[in-house]
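Working notes, structure below.
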Amino acid sequence: MDLEEAKSFTERCSQCAAVSWGLTDEGKYYCTSCHNVTDRSEEVVSTAVITNTKINSISRGLRKRSKHEKGWDWYVCEGFQCILYHQAEALKTLGVGAELKNEVLHNLWKRYLQKSKQAYCKNPVRTRGRKAKVLGDNLQSSDCASELELLSDTTLESGAEFQSDPQIPKPFPLVKASPKSEAADVCSGSVDGVEYSEWKEKGVLKMTVPRTLALCYLSLLWQRETITLSDLLRFVEEDRIPYVNAFQLFPEEMKVYGRDKGIFAVESWPDYEDIYKNMIEVAIFLDLPRFPDVTEDCYLHPNILCMKYLLELNLPEEMHSLTCQVVKMTGIGEVDFLTFDPIAKKKRTVKYDVQAVAVIVVVLKLLFLLDDKLEWSYSSLAEAYNEEHREDEPQFDFRKWYQVMKKTFDEKRQKWEEARAKYSWKTKRPIYRSHIDKSVMYKRREMVEHLQKQFSALVGSTPVAEKKDPSSFQFNWTEGDTGSPCFHGHSLQGLLRTKGQSLITKNSLYWLSTQKFCKSYCKHVTTYEESNFSLSYQFILSIFSFLLRIKTSILHEEVSLIEKKLFEKKYNESKKRSRPKKVRRH
Amino acid sequence: MSDFDEELTKLALAEDGKRETSVFSNPGMHFPWLQERIETVVTGGKKKRDFAQTTSACLSFIQEALLKHQWQQAAEYMHSYLQTLEDSDTYKRQNAPEVIWKLGSEILFYHPKSNVETFNNFADRMKNIGVLNYLKISLQHALYLIHHGKLEDANRNLSDAETWRYGEKSSSQEVLINLVQAYKGLLQYHTWSKKKTELSEIDKDDYAYTSETGNSGNQSCRTSTSICALLKTPGVWDPFVKSYVEILHEIVPSHPLMLEFHTLLRKSDTEEHQKLGLSVLFEFLDFAGCTKNITAWKYLAKCLKQTLMEGHLVWVEEEWMSRRSWWPTFHFSFFWAKSDWKADADLACEKAFVVGILLGKGCRYFRYIVKQDHETLKKKIKRMKKCVKKYSIVNPGVCT
């Protein structure tokens with residue numbers, strides 16, 4: 001609480017006659033000299049109106065210089081806010097609309113602060129009524145510093161503990177004499193770094209760097225933007241979105257050291273499953289309502305995503321009608337199925353990208369069976385046909401496609417592995433654990449840089465490959481490269497036959513990726529043991545999952561889930577039989 | 001179509017080979033998730049950081065590049081690998097310098113753009129990371145410099161290294177310290193030896209000669225002290241010993257080590273060494289203090305016999321030429337014959353044999369000893385007489 005508010009109350013204290021007031025967390029005025037609590041309470045300030053004057057008065061003066069380092073006093077949540085800010089900026093650069101940053105993400109963040117600060121305060125009652133409406137605040141700030149000012153304001157609004165001095169109130173219930181202990185090994189650049197890392201409270205979700213990404217994805221999903229989760233994670237790995245060493249973007253004066261290291265310095269790229277899980281947890285914690293509908297014209301709808309991936313995987317466009325059929329039959333195109341509803345009983349969402357690719361796998365299995373025999377015999381037929389009819393539209397030749405894709409993906413994977421091996425995790429300014437460590441770490445850093453200079457002199461002047469522009473598509477097949485033919489326009493003629501009014505696949509067999517699903521408490525749907533499956537299937541899973549940068553087992557699981565829906569009847573039948581491997585479809 | 005099947009199968013097998021062994025090798029059961037669990041137990045429950053994964057991939061790339069002699073690529077990956085020096089995992093961080101030194105020194109050794117200066121720079125930096133690497137790197141650095149002919153720099157390096165001490169850590173590094181001293185001694189030997197050859201070319205009357213000999217003398221002393229201390233430690237120091245003894249031979253021919261030196265030389269295959277072995281003995285016995293050394297005489301007796309048996313009469317004659325004038329009175333006077341026999345019969349026998357070879361059976365010493373009667377030595381004396389008859393250089397015609 002700041003002095004201004006208290007100053008508005010100018011009565012003399014009944015006990016000590018002083019005019020010096022502060023506010024209790026219940027909102028009542030109390031005398032700061034004799035701690036006499038009155039029953040006058042301050043007027044509730046509307047959260048909707050936050051004037052700039054107020055912001056200015058709070059911000060600048062409260063930045064105190066810390067003892068060891070010249071710099072501001074900053075709180076851990078401010079750090080996260082800064083990271084989110086830059087992540088949002090990065091998304092903007094990638095083409096996402098500005099509303100994501102200014103409205104959606106911002107409000108999600110504010111909501112998070114309120115939700116988590118509810119638990120901070122001794123008295124939760126007051127804060128319950130403070131749930132700010134997500135929409136309505138039209139705050140557009142242009143730099144991080146003002147964002148931080150906003151934070152301090154929000155902190156006040158949500159009713160953090162008040163103190164008489166004009167410092168930003170300490171949000172933690174355990175208030176020690178000084179948050180920054182002088183002990184060598186327990187220190188942090190942030191004011192509350194130590195407490196934050198030790199804070200364990202049931203029902204409260206602590207913000208972590210992976211969770212910032214989860215928040216970003218929630219915003220993207222809310223806006224139904226054309227960036228899937230796998231795209232997002234890929235952009236992070238390509239350093240287009242701050243994540244690893246995001247704290248480097250903090251302003252100079254926000255010094256990061258000590259316990260902050262454990263909070264902000266990550267040494268791993270985000271994992272799909274991990275972020276997915278976090279996303280759901282965060283959405284539940286924030287009590288978010290049902291997300292905007294994912295309808296048929298939405299990018300995330302499987303029909304559209306399937307088309308996208310078909311193009312990217314250099315498969316014939318004709319396969320799209322088949323994928324649409326599968327989508328329809330399994331019901332995964334329904335609005336209710338696709339839309340994320342954290343409040344609903346079954347708290348789950350859809351892995352849109354994985355699901356779309358899984359549908360393609362299913363269609364390939366329908367067309368080619370993928371038993372290491374049929375696909376090759378079909379390929380021979382297609383090849384023979386194509387030889388005979390050079391003028392016609394070529395038939396899709398699986399073998400040719402396999403050769404092209406294998407070569408391309410092997411190259412890409414090799415490059416990817418090399419780039420990862422060369423990735424630089426350590427920052428220019430090392431984060432030291434304690435003040436004793438500081439000089440050691442700086443010296444070490446200097447030495448590493450010197451050695452690096454020596455070796456880079458040896459590397460010579462090989463032209464560094466220009467960093468490609470960010471794109472949702474990792475492959476572009478239509479550039480007319482003779483080495484990599486494009487299969488988009490190829491026909492599935494040889495693989496389909498007419499039955500009455502409709503076209504069905506020539507192949508009438510199918511095998512299920514999973515015989516039986518676990519019913520126990522384990523969430524494991526199925527285990528992917530490669531040697532149980534055909535080599536073609538292994539190949540397809542391997543390149544498709546590389547496209548999404550996920551583990552093959554995740555894709556396999558998704559394929560199994562789709563098959564479960566598709567062959568529901570068969571699954572019920574198979575429970576009676578012992579080991580049916582191949583199942584007749586029609 | 002069939003070859004495609006084959007190709008895919010080949011691929012699958014290749015991939016299989018790369019894959020780590022599964023938890024249960026039984027083909028029927030495979031639990032990939034269990035494998036992962038077990039791995040996390042090994043790492044203490046913490047998931048493996050991508051930092052660890054990418055740096056170990058980087059290491060494999062460096063090793064691959066080195067195998068393929070792709071120095072440029074290796075340098076590129078090394079650039080990234082250097083961040084392991086800042087690893088937050090203490091154990092890994094402490095082991096990093098050694099790995100980096102091994103790989104980096106190899107790259108810098110072979111890379112076309114690298115030179116001695118770059119190497120020196122690198123070595124100096126790496127030496128001073130942590131404490132335990134100093135000696136090892138100094139030693140290897142010195143060897144590199146020797147390889148490139150920078151002997152003085154190497155010497156300086158070794159001298160610096162020699163004086164390294166770090167409290168209790170010194171004891172574990174003792175072996176290295178010894179090696180450092182040994183190599184330093186070897187370097188000094190080399191310089192000394194070079195000087196010696198240079199000296200032999202200078203005219204003895206030249207002023208330079210005297211000053212050079214003076215210097216060389218100092219050098220010799222220094223070298224011998226450094227190696228001397230070394231020999232006290234257990235181990236196989238043969239190469240160093242040889243150089244040590246050679247220096248000693250020059251400066252102190254009468255050193256008791258000369259006898260050992262002689263044995264070493266005689267064991268050698270080269271003729272030069274054999275010859276040197278003989279002369280070492282002669283030189284040894286040139287000194288008054290060694291006249292009563294029975295081992296020396298035994299060796300000389302044996303050596304002469306062997307040398308003559310092998311037909312190297314010339315060697316013996318060479319050695320004898322400069323001594324012919326004074327050895328008889330020095331060693332083999334009648335007075336000596338009586339005194340030697342009285343003091344040590346064995347010694348006298350050996351000496352008699354030698355003198356028999358060199359002066360013939362007619363000389364007084366020989367005749368005196370042969371005449372003596374002795375319980376145990378009777379047979380020996382008889383044998384000796386025969387030998388002398390056969391091999392004496394005075395009657396060259398008799399030798400075969």
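Would you grab the residues whose amide H sits under 5 Å from the one on residue A:268? Only those 5+ places off in sequence or on another chain, please, with H modelled 1.01 Å from N. Sorted by chain and number, the residues that satisfy this are B:50.
Counted by neighbouring Cβ atoms within 10 Å, the residues A:323, B:263 run from fewest to most as B:263, A:323. The range B:276-353: which GluC sites (Glu not before Pro) are DSSP loop and have at most 12 other beta-carbon atoms within 10 angstrom? Sparse-neighbourhood loop GluC sites (Glu not before Pro): B:310.
Which FRET efficiency value, to the nearest 0.05, is calculated for residue A:549 and residue A:493 with the Förster distance at 45 angstrom and r the Cβ-Cβ distance?
0.85
Tell me whether the range B:51-147 comes out rounded, prolate or oblate; compute the Cα gyration tensor, take square roots of the eigenvalues as a ≥ b ≥ c, and use a/c under 1.5 as the rounded threshold. Cα axes put the range B:51-147 in the oblate bin.
Within the shell defined by Cβ-Cβ distances under 11 Å, the residues around residue B:354 carry a net charge of +3, with Lys and Arg each +1 and Asp and Glu each -1. Amide H contacts of residue A:496 (H built 1.01 Å from N, in plane; Pro and chain starts excluded): A:506 sit under 5 Å, all sequence-distant by 5 or more or on other chains.
Per-residue 3J(HN,Hα) values for the range B:102-119, derived from phi via the Karplus relation 6.51 cos²θ - 1.76 cosθ + 1.60 with θ = phi - 60°, read 4, 6, x, 5, 5, 4, 5, 6, 9, 5, x, 7, 7, 9, 4, 5, 4, 4 Hz in sequence order (x marks Gly and Pro).
What shape does the range B:80-124 take by its C-alpha gyration tensor, where a ≥ b ≥ c are the square roots of the eigenvalues and a/c under 1.5 counts as rounded, a/b above b/c as prolate, and the rest as oblate? Prolate, because a/c is 1.5 or more and a/b exceeds b/c. Note on residue A:399 and residue B:329: the model spin-label points, each 7 Å out from Cα along the C-beta direction, lie 10.8 nm apart.
Summing charges over all other residues whose Cβ lies under 13 Å from the Cβ of residue A:490, with Lys and Arg as +1 and Asp and Glu as -1, gives -4.
Under the classification rounded if a/c is under 1.5, otherwise prolate if a/b is larger than b/c and oblate if not, where does the range A:339-429 fall, given a ≥ b ≥ c as square roots of the Cα gyration tensor eigenvalues?
Because a/c hits 1.5 or more and a/b fails to exceed b/c, the range A:339-429 counts as oblate.
Expressed per residue, the C-alpha convex hull volume of the range B:293-400 stands at 92 Å³. Full extension of the chain between residue B:269 and residue B:113 yields a length gain of 51.8 nm, computed as 0.36 nm times the residue separation minus the alpha carbon distance. Of A:390, A:433, A:240, the sequence from fewest to most neighbouring Cβ atoms within 10 angstrom is A:390, A:240, A:433.
Laboratory data are not the source of any read-out in this text; all were calculated from the coordinates shown. Quick caveat: nothing in here was measured; it's all calculated off a predicted structure. Because the Cβ atoms are built from the backbone with ideal geometry, glycine has one as well, and the counts that use them run over all protein chains shown.
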